[in-house]
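K.L.:
Just passing along the structure, written as structure tokens.
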Amino acid sequence: LTALLETSVLIVGGGPVGLGMALELGWRGIDCVVIEQGDGRNLLPRASGISVRSMEFCRRWGIAEEVFNGGFPTNYRLDTIYCTSVTGHVLQRHPNPPIEEQEPLPFSPENKHRLPQDLFDPLLERAALRHPGVSVRRRARLTGFEDKDGHVLGYVQPLAEAETYRFDRPGAPLARTAAVLSAPGGFIVRARYLVACDGVASGVRTALGIETAGTGPDGNPVLSYSVSALVTIPDLLKWHDMGEAERFVFVGPDGIWGNLTVVDGRDRWRLSIAGTEDKLDPAGLDMAALVRRCLGRDDIPFGIDAVTPWRRRQMVARKLRCGRVFLAGDAVHAMSPTGGFGMNTGLGDVVDLGWKLEAALRGWAGPGLLDSYEQERGPVAWRNTRAAAGNFQPWRMRLDFSRVLDTAPEADRDRREIGAAIKDAFTGEWVSWGTTMGYRYEHSPICVPDGTPPPPDDPMVYVPTARPGSRAPHAWLDDGRSTLDLFGRGFTLLQFGGDAGQAGPLRQAASQRGIPLSVAVLDQPTAADLYQRRFVLVRPDGHVAWRDDVLPGDAGGLLDTVRGGCPAARHAS
Ligand SMILES: Cc1cc2nc3c(=O)[nH]c(=O)nc-3n(C[C@H](O)[C@H](O)[C@H](O)COP(=O)(O)OP(=O)(O)OC[C@H]3O[C@@H](n4cnc5c(N)ncnc54)[C@H](O)[C@@H]3O)c2cc1C
């Protein structure tokens, strides 16, 4: 084998999570290489919903504006319409304004956004590549790796021109030894760490022997079998009078059977059908008939661009770290798309991991810092897969659907009642502030509990709190910035009132340890009310590490805890 490529972090998989990892590391000045087997073209857009928290990550990466203008029409209405078909009966409607008309949120400087993956992934890639030290190698597959002598060696095989690549192909088996080395044309990447963002069928996870667990009560990771088709329907709006919609949810005598989701706000749509394995056997599936069923007429022209069968899973990897190898994104957690949590949870993973890898590479991490990645993100993976599965429950509602297609006048009343029940049950899928914003690192060894009780973990409701482990909350500052804009690549001490000199011992202890720390003295009652303590130490990922009304007598001890150095209990208030 010929070439050897040296880098700090080898990232396997150039989906949104791998590219997010590259962007996070590049933004931190850490060099990395992404290995991706796909060519970056003809991506089948799965994720489209970008959560508020992910938009906050984009804000700190400096790309929120770019995402906003990324190509999805911001004046397009995002209603959900429960109906028998696009041209059939409307059962209920959940109104949702276009992106540009969304009310500002009291708890964030950002708002949720919509951008299909075939636009979002390339945007992340372009942004990552703007940072020197980031490179992306496409049409190359990791075929094996070794973790030895303080490095990871990744064996990479460029794909031959003739070798076609399919987006949904399960991960090719990987070898953990150098046995695969002899292939001509391949190269080795030598890195300090490897982050596997190689998707639900993660070859790295399999090679490491890391098992997965179903997170539902019966432990079964498969919730249902689905098939999605990417469909082009020119001028669909002209064929019906329901107006613009983000999503049509279809109800028939057989129950809720599918949905049509907007992709580009113009002609492209994704039709997803839920069912059992036998029903969705691609060999016996007439996708065109299903598209016609969803359209409700046979004369609307359409084209089917791609058909992808997939399993709706509720599954989490039992380990997120093995030596110098970390798992992130779908490689860790596979969840039902109901709620749009998958990619967003993966972006949360890389923001948690990014600063810890930086600290390890720059030499200021304590011995437990890298382990805290699993301790913090593992519980979030379980929580979010459960929330997503909970949102899938309404799809199995058992109501009397037998008359939904009836034309008799009294059938309208039945439809309205069924629609009201469905709309109510589905609300959790569209209103998920608690799931997307309220995750916190309870029991993390690198956060110092302050004895206050956690707010309820309600999937629909987010309660801003500066309790250690939580996302440091947003408040507008007098100069027009958000408190979130104060949190950078290092730790930030927020000090409410008093003079900056008070933090001297903490600054000194940080500089002795090489820990980047800045101090922001704020004199703003709204922010002070929200943070509830005079001193709040915010981590490089924007989560609260510690807070109190007085600075600790042992500033170095506190910093040792939050950098993964010693037990948290020593510094509890
Ligand atoms: C219908 C549907 C709708 C969804 N909607 C949303 C949504 O609105 N919001 C949301 O947050 N999530 C959504 N999701 C989930 C989302 O698509 C996934 O969570 C997300 O794509 C995971 O990103 P990832 O980068 O971890 O994995 P992937 O996107 O699967 O990327 C993994 C990459 O690794 C590459 N790879 C694998 N093995 C190798 C190897 N050995 N060498 C090189 N490359 C390799 C693959 O080619 C692939 O590009 C949806 C999913 C579905 C099915």
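The values are calculated or read from the model by the stated rules, or taken from the named source; none is laboratory data. Keep in mind that what you see is a predicted model, and the values were worked out from it rather than measured. For neighbour counting, all protein chains shown are included, and Cβ atoms are generated from backbone atoms with ideal geometry for every residue, glycine included. Calculation scope for accessible area: heavy atoms of the full protein, side chains included, ligands and nucleic acids excluded. Shrake-Rupley method; radii C 1.70, N 1.55, O 1.52, S 1.80 Å.
K.L.:
Do we find a residue being in contact (Cβ under 8 Å) with a residue 60 or more places away in the chain, on the phi > 0 side of the Ramachandran plot and open to solvent by less than 10 Å² (accessible area, probe 1.4 Å) anywhere in the range 309-326?
P.N.:
no
K.L.:
Here is a follow-up. Would you tally the residues in the range 89-141 being surrounded by fewer than 22 Cβ atoms within 10 Å (Cβ to Cβ), part of a loop (DSSP other than H, G, I, E, B) and away from the ligand (no atom under 16 Å from the Cβ)?
P.N.:
Looking only at that region, the number is 15.
K.L.:
Quickly run through the range 61-88 and pick out the residues that are assigned to a loop (DSSP other than H, G, I, E, B) and either under 30 Å from L129 (Cβ atoms) or within 18 Å of the chain's Cα centre (by Cα) (or both).
P.N.:
Across the range 61-88, the qualifying residues are G62, I63, N69, G70, G71, F72, P73, T74, Y76.
K.L.:
A further question follows. Give me the residue from the range 8-27 that is closer than 15 Å to I63 by Cβ and not aliphatic (A, V, I, L, M) and, out of that set, nearest to the ligand (Cβ to nearest atom).
P.N.:
That would be P16.
K.L.:
Moving on. Answer yes or no as to whether R293 is assigned to a helix (DSSP H, G or I) and crowded, with 17+ Cβ neighbours inside 10 Å.
P.N.:
yes
K.L.:
Return the total of residues in the range 29-45 being in contact with a Gly (Cβ under 8 Å, 6 or more places away or on another chain) and either buried (at least 21 other Cβ atoms within 10 Å of the Cβ) or not in a loop (DSSP other than H, G, I, E, B) (or both).
P.N.:
Number of matching residues: 5.
K.L.:
Here's a follow-up. Among the residues of the range 448-495, what is the count of those that are open to solvent by 20 Å² or more (accessible area, probe 1.4 Å) and among the aromatic types (F, W, Y)?
P.N.:
Of the residues in that region, 2 qualify.
K.L.:
In the range 334-370, which residues are in contact with a strand residue (DSSP E or B) (Cβ under 7 Å, 6 or more places away or on another chain) and either away from the ligand (no atom under 16 Å from the Cβ) or β-branched (V, I, T) (or both)?
P.N.:
T345, L357, L361, L370
K.L.:
I'd like to know if the range 408-429 contains one or more residues that are surrounded by fewer than 18 Cβ atoms within 10 Å (Cβ to Cβ), assigned to a loop (DSSP other than H, G, I, E, B) and among the β-branched types (V, I, T).
P.N.:
Taking every residue of the range 408-429 in turn, none turns out to be surrounded by fewer than 18 Cβ atoms within 10 Å (Cβ to Cβ), assigned to a loop (DSSP other than H, G, I, E, B) and among the β-branched types (V, I, T).
Rundown of residues vs (1) at pLDDT below 95; (2) out of contact with any helix residue (DSSP H, G or I) (no Cβ under 7 Å at 6 or more places or on another chain); (3) not hydrophobic (A, V, I, L, M, F, W, C), yes/no style:
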position: E429; (1), (2), (3): yes, no, yes
position: T435; (1), (2), (3): no, no, yes
position: P445; (1), (2), (3): no, no, yes
position: V461; (1), (2), (3): no, no, no
position: H474; (1), (2), (3): no, no, yes
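K.L.:
Another question, then. Among residues belonging to the range 397-407 that are touching a strand residue (DSSP E or B) at 6+ places or on another chain (Cβ under 8 Å) and not aliphatic (A, V, I, L, M), point out the one that is surrounded by the most Cβ atoms within 10 Å (Cβ to Cβ).
P.N.:
If we take residues in the range 397-407 being touching a strand residue (DSSP E or B) at 6+ places or on another chain (Cβ under 8 Å) and not aliphatic (A, V, I, L, M), then F401 is surrounded by the most Cβ atoms within 10 Å (Cβ to Cβ).
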